[in-house]
Every structure is written in C-alpha cells, then in structure tokens.
Amino acid sequence: MTQRADTPQDIARLFLQCLNEGNLDGLVSLYESDAVLVDPTGAFLTGHEQIRDFYRGLIAQGQTFEPGIQSIPLVHGDLALTSSKISNGDITAEVARRQADGSWRWVLDQPSVKAGRAI
C-alpha cells in the first residue's frame with residue numbers, strides 16, 4: 001500500500017507506522033525510486049529493491065520502534081532536511097523531495113548519525 005506524506009514531517013510518522021505494522025510496500029513507497037539508505041554497517045543501499053531487502057530483514061526480526069523527537073524540517077523549495085533524535089540517543093538525517101503531486105518522499109536516509117562520527 002502506497003503511503004502519502006503531505007509534509008516532510010509526515011514521512012517519519014508514516015515510516016514508523018509502516019515499520020511497526022510490517023507494511024513493507026508502505027515503507028518502500030516513502031522513498032524515491034533511486035533513493036539512498038545507509039544501513040547499520042555504513043553500506044549505501046540504492047533504489048527500491050535494495051531498500052526493500054533491508055527492511056524485509058528488519059521486519060522479520062519482529063522489533064517494535066518508538067517515535068523519536070522530530071526537529072523542525074529545514075525546507076528550501078522542493079527539498080527538505082529532516083531529522084529526529086531517537087531513544088538510543090542517535091540522530092537521524094534525511095533529505096526529502098516534493099513530488100509532482102505535492103507529496104514528499106525521502107531521497108537520502110541516514111538513520112544513525114552518531115555525535116563525533118564522520119559520515
């Protein structure tokens with residue numbers, strides 16, 4: 001099921017909802033087709049197929065995830081920088097782009113930016 005984020009901040013809320021429900025198609029629909037996701041090992045996963053494979057494995061682990069504290073997005077035209085502080089102290093960083101239909105999707109997703117760690 002495709003998810004529609006009407007604002008950049010909607011993406012994180014929908015992401016968490018899909019992840020906790022095991023909605024793999026919904027998760028992937030929050031990303032542009034050639035988006036880049038950085039996995040926990042630091043590998044760059046590009047495109048829906050690699051992103052889908054990653055989240056399939058994460059969903060299979062059966063974990064549930066709590067919402068983080070979202071920062072106010074930094075928006076410039078059709079681009080937005082979003083971030084959240086999550087319960088383990090990590091900070092996420094994402095770049096979203098406004099789509100032709102007015103919705104937003106992530107283009108870049110760095111789920112864990114540790115303080116003092118070079119990216």
What is the list of residues in region 58-79 whose amide nitrogen lies under 20 Å from a point 7 angstrom out from the Cα of R13, following Cα to Cβ? 65-76, 79
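Relative to the present Cα-Cα distance, how much length would full extension add between V113 and N88 at 0.36 nm per residue of separation?
7.8 nm
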Placing +1 on the Cβ of each Lys and Arg and -1 on the Cβ of each Asp and Glu in the chain, which of Y31, A5, P67 has its Cα farthest towards the positive end of the resulting dipole? P67
Electrostatic dipole magnitude of region 8-112 [Cβ: Lys, Arg +1; Asp, Glu -1; Cα centre; debye, to 20]: 180 debye
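In deg cm²/dmol, rounded to 500, what helix-only [θ] at 222 nm does the chain give when every DSSP H run of at least 4 residues adds -39500 (n - 2.57) and the total is split over its residues?
Details: 3 runs with 33 residues, N = 119.
For the chain, the value works out to -8500 deg cm²/dmol.
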Highest average packing first - 21-33, 60-72, 81-93, Cβ atoms within 10 Å: 21-33, 81-93, 60-72
Using +1 at the Cβ of each Lys and Arg and -1 at the Cβ of each Asp and Glu in the chain, identify which of G102, L14, S84 lies farthest towards the dipole's positive end. S84
Please list, in order along region 6-20, the HN-Hα scalar couplings obtained from phi with the Karplus expression 6.51 cos²θ - 1.76 cosθ + 1.60 (θ = phi - 60°), rounded to whole Hz, x for Gly and Pro. 7, 9, x, 5, 4, 4, 4, 5, 5, 4, 5, 4, 5, 4, 6
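Just so you know, all these numbers are worked out from the coordinates, no wet-lab data involved. Only a predicted model underlies this, so the values are computations on that prediction, with no experimental measurement involved. Note: ideal-geometry Cβ built from the backbone for every residue, glycine included; neighbour counts use all protein chains shown.
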